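Single-structure report; data block below.
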Amino acid sequence: MRFESGEAFRDWPAKAVTVFGMSGVGKTSLGNMLRRHDWFHYSVDYRIGTRYMGEYIVDEFKREAMKVPLLRQLLMTDSIYISSNITFDNLAPLSTYLGKPGNPDRGGISFAEYRRRQAQHKAAEIAALLDVPEFIEKARTIYGYARFLCDSGGSLCEVVDPDDPNDPVLKCLSEHTLLLYIRGTEQHKRMLVDRFRAAPKPMYYPEAFLEESWADYKRMHGLARDEEVDPDGFAVWGFEQLLDRRIPYYEAIARNFGYTIEADEVAGIVSEAGFVSLVSRAIDQRA
């Protein structure tokens with residue numbers, strides 16, 4: 001949605017906003033804060049990990065459990081069950097399932113399997129984003145929430161064409177929500193890399209970019225076989241490449257469909273009024 005002025009946004013009673021940007025710029029923290037002010041917080045990553053990839057995740061956990069004789073016996077007799085306890089703030093089950101390609105002795109999975117799971121994630125992310133209108137309605141009619149925040153994944157820009165006015169995902173989101181880009185800085189990027197190294201989040205690579213990055217990494221390190229790749233080394237290096245690649249796409253989405261605020265500004269928001277004021281200023285600046 002586009003607004004003629006910040007005042008028009010402030011006067012909009014049934015506010016619905018989709019925030020997007022790098023993983024770790026504060027989207028989920030913003031959602032957690034607004035939830036305390038009677039906003040419905042829709043997490044795309046949570047929806048992916050529960051509705052669309054939950055069965056894949058649990059099946060993989062069961063495969064691992066079946067390798068342990070005691071757990072195998074208990075599973076085969078329905079004496080135990082395995083579930084994924086994914087939350088808005090803990091996406092470890094999804095991250096673990098997506099995995100990291102490389103040396104199996106260092107926790108890696110085959111590159112072919114990694115590509116297969118990436119394709120599953122792409123389909124799940126598109127479906128979860130297209131669910132936004134349904135959840136805006138559910139939030140209103142079931143739970144009584146008039147205001148709605150869609151906390152999108154960092155890979156939103158990888159599953160859309162920001163230069164296509166009829167892109168199905170962006171068209172859906174822009175018809176039902178205000179699209180808001182949270183822009184980071186170079187300093188912020190370094191912090192994100194350090195944070196990712198300590199606690200990796202689910203990552204999605206476009207297929208062609210993944211193939212190219214995989215070949216580049218092996219060439220840079222003189223590796224002939226996929227099994228020689230350090231999974232953690234590629235994960236961190238690949239995350240940095242993705243950050244650089246994604247910025248122009250984020251900028252294009254904001255330019256063609258929405259508005260931009262800065263990550264440093266988001267860090268200082270402690271109330272709904274502060275958020276509404278920040279968005280209103282971004283609308284006025286663009287106008």
*Once both axes come from the Cα atoms, what is the angle between helix 111-130 and the longest principal axis of the chain, in degrees from 0 to 90, rounded to 10?*
20 degrees
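Can you give the accessible area per residue of the chain, in Å², using a 1.4 Å probe?
Values: 13890 Å² over 287 residues.
About 48 Å² of surface per residue is accessible.
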_Dipole of the range 13-274, positive direction: furthest Cα of S84, S155, G268, with charges on the beta-carbon_ = S84
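Compute, for the range 204-258, the length of the dipole vector about the Cα centre, with Cβ point charges of +1 (Lys, Arg) and -1 (Asp, Glu) only. Units Debye, rounded to 20. Before the final figure, lay out each step's value.
Values: 6 positive and 12 negative charges, 60 e Å.
Using only the charged Cβ atoms, the result is roughly 280 debye.
Taking a ≥ b ≥ c as the square roots of the Cα gyration tensor eigenvalues, with a/c under 1.5 meaning rounded and otherwise prolate when a/b beats b/c, else oblate, which class fits the range 1-92?
Numbers: a/c = 3.90, a/b = 3.52, b/c = 1.11.
Prolate.
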*How far, in nm, would the chain grow between A267 and R225 when pulled straight, counting 0.36 nm per residue and subtracting the alpha carbon separation?*
10.8 nm
*asked:* Can you find, among H221, L243, M203, the residue sitting farthest towards the positive end of the charge dipole of the chain, where Lys and Arg contribute +1 and Asp and Glu -1 at Cβ?
replied: M203
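Run lengths n ≥ 4 of DSSP H only: what is the helix-derived mean residue ellipticity at 222 nm for the chain, with -39500 (n - 2.57) per run over all residues, to the nearest 500?
On the way: 14 runs with 159 residues, N = 287.
Theoretical 222 nm ellipticity from helices: -17000 deg cm²/dmol.
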*With a 1.4 Å probe and every protein chain kept in, tell me what percent of the accessible surface of the range 13-274 is carbon plus sulfur.*
50 percent
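Quote the charge dipole size of the chain about the Cα centre in Debye, to the nearest 20; the model charges only the Cβ of Lys and Arg (+1) and of Asp and Glu (-1).
On the way: 36 positive and 43 negative charges, 107 e Å.
My answer is approximately 520 debye.
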*Excluding ligands and nucleic acids, what accessible area in Å² is computed for V236 using a 1.4 Å probe, to the nearest 10?*
20 Å²
*Report the FRET efficiency, 1/(1 + (r/R0)^6), for A127 and V236, where r is their Cβ-Cβ distance and R0 is 22 Å, rounded to 0.05.*
0.15
*Mind scanning K138/K171; K27/K67; K138/K189; K27/K171; K62/K189; K62/K171 and naming the pairs with a C-alpha gap bigger than 32 Å?*
K27/K67; K138/K189; K62/K189; K62/K171
*the chain: angle of helix 207-220 to the longest principal axis, Cα-based, in degrees nearest 10*: 60 degrees
*Would you mind checking the tilt of helix 54-65 against the longest principal axis of the Cα atoms of the chain, expressed as 0 to 90 degrees and rounded to 10?*
20 degrees
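The values are calculated or read from the model by the stated rules, or taken from the named source; none is laboratory data. The structure displayed is predicted, hence computed values, not measured ones. Cβ: placed from backbone, ideal geometry, glycine included. Neighbour counts: every protein chain shown. Just so you know, the surface numbers come from the protein's heavy atoms only, side chains and all, with ligands and any DNA or RNA stripped out. Shrake-Rupley method; radii C 1.70, N 1.55, O 1.52, S 1.80 Å.
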